[in-house]
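These notes are about the structure you will find just below.
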Amino acid sequence: MFKLTKREMIVLGIFIFSIIVFSVDKFYMNTSEELIVEHKNKEIENIEKTQEKKEQHVEKLIIVDICGEVKIPGVVKLKEGARLIDGVQRVGGLLKTADRKQVNMAKILVDGEQIVIPKIGEDLKEYKGTESYEITKKSNKVNINTASKNELESLNGVGEVLAERIVQYRETKGRFHEVEDIMKVSGVGDKKYEMIKEEIRVN
C-alpha cells in the first residue's frame, strides 16, 4: 500500500485546505455580487417610481383674463380644468353690482380666454364685435373638447352612452376642430346634431 511521508501529507493537506478556502471565498464573492446587483436594481426601480410620481403630479396651468364686475380684475393662472367660480375667487369675488344671472359659474375655463362679468341690467350686446363679448356669449354653451361626461349629458338628447362615446372619441382621435365634427361620433346623426348644435362649442 502506498504511504505518504509526513512532509507529503502536510503539503497535501495545505493544498486541499487552499482549494476549500478558494471555493468558499468564490462562493461568497458571487453571492455578494448578486446581492449588490439586486440592491442596485431596487435603487433604480425606486428612482424610476419617484420620477413617475413627480411627472404625474406636474399640474398643467391655464391663463385667463377676468374683468368687469369683480373686485380685482386681471389675468390669473389656474389649474387646467378649473371653472369660472375658481377664477372669480382668485380675483376677489363678485361685486354687489355683478349680474349673477348672466354668468355660468360652473363653466370650464379655456386657456387664453377673457371673461366679462356684467353689471346688473347691463346689456352684453354692448360688447358685440369684441373678443370678450364673443367669449362671454359662449359661456353657456358646452365645450365638447373639455366637457365632462356629466356636462355632455346635459345636452338635449344626449344620454350616458352617447356622452361616453364623445369622451372616448376625444381621447382617441383628438380634439374637435369644428362643431360639425361631433357628427363623426357614432350615434350623432343629422337629427341629433340639429338638436344640439346651438348648445355646443369647440373653444
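Structural remarks
- Total residues in the range 86-99, condition among the β-branched types (Val, Ile, Thr) and crowded, with 16+ Cβ neighbours inside 10 Å: 2
- Helices (runs of 4 or more DSSP H) contained in the range 103-181 and holding at least 1 residues among the small types (Gly, Ala, Ser) and at pLDDT 85 or above: 160-173
- Matching option when the condition is touching a Lys or Arg at 6+ places or on another chain (Cβ under 9 Å), assigned to a strand (DSSP E or B) and not small (Gly, Ala, Ser), among Ile66, Ile72, Ile85: Ile66
- Near pairs, Cβ below 6 angstrom, 6+ apart or cross-chain, from the range 59-78 (among the acidic types (Asp, Glu)) to any residue that is surrounded by fewer than 18 Cβ atoms within 10 Å (Cβ to Cβ) and not in a strand (DSSP E or B): Glu69/Leu95; Glu69/Thr97
The values are calculated or read from the model by the stated rules, or taken from the named source; none is laboratory data. Not measured: the values here are computed from a predicted model. Every residue, glycine as well, gets a Cβ built from its backbone with ideal geometry; the counts of neighbours run over all protein chains shown.
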